[in-house]
1. Before we move on, is residue 51 in contact with a strand residue (DSSP E or B) (Cβ under 8 Å, 6 or more places away or on another chain), free of Cβ contacts under 8 Å to residues at least 60 places away in the same chain, more than 27 Å from residue 175 (Cα to Cα) and not assigned by TED's automatic domain parsing to the domain that holds residue 163?
2. Within the range 58-70, how many residues turn out to be surrounded by fewer than 17 Cβ atoms within 10 Å (Cβ to Cβ) and without any contact (Cβ under 8 Å) to a residue 24 or more places away in the chain?
3. Say whether the condition of being in a helix (DSSP H, G or I), without any contact (Cβ under 8 Å) to a residue 60 or more places away in the chain and touching a helix residue (DSSP H, G or I) at 6+ places or on another chain (Cβ under 8 Å) is met by at least one residue in the range 82-96.
4. Would it be correct to say that residue 154 is at pLDDT below 95, in contact with a strand residue (DSSP E or B) (Cβ under 8 Å, 6 or more places away or on another chain), over 30 Å from residue 44 (Cβ atoms) and crowded, with 18+ Cβ neighbours inside 10 Å?
């Protein structure tokens, strides 16, 4: 994961192109979702020997080196590219960090981003607002049908081309993220209606 700190402003798409979004990074022991993606990212080592690099390098360092090299090559092709790169980066460093945390994405358009959690283990906003023990253990993905009531993907019985997502498998856990899980049913549905407007 790319992380720029606990509350890092990112350039947004405001009217003048100068709006910024503050992104919160939530520690694994607080969010309590499946930790494997963050843990693997932090611990993984790869080889860059085929491109003249070291035989073993932490994944974060490799990603930083490769991405930085690509940007630098493009930047050096023309003054216009250099100017565009400066406008995008705004002096921020090329920074990859492997930390025991996940970033909380902005809620803009969240109704259109199912399945939810970093590993796609929760099929709808309704399910995300349920206590983890009540969330679906197995559901089917691959449908283009949208569930406007629960705000997520249609996950019913198997259909042609369906893939069974099993949350009991390593890396697929749908635990944690217990924000709003104690709401009453009317409160839960009211929150979902609000989230549809973002």
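1. Answer is no for this residue.
2. 3
3. yes
4. The answer is yes for residue 154.
The values are calculated or read from the model by the stated rules, or taken from the named source; none is laboratory data. Model, not experiment: these values are computed from the prediction. For neighbour counting, all protein chains shown are included, and Cβ atoms are generated from backbone atoms with ideal geometry for every residue, glycine included.
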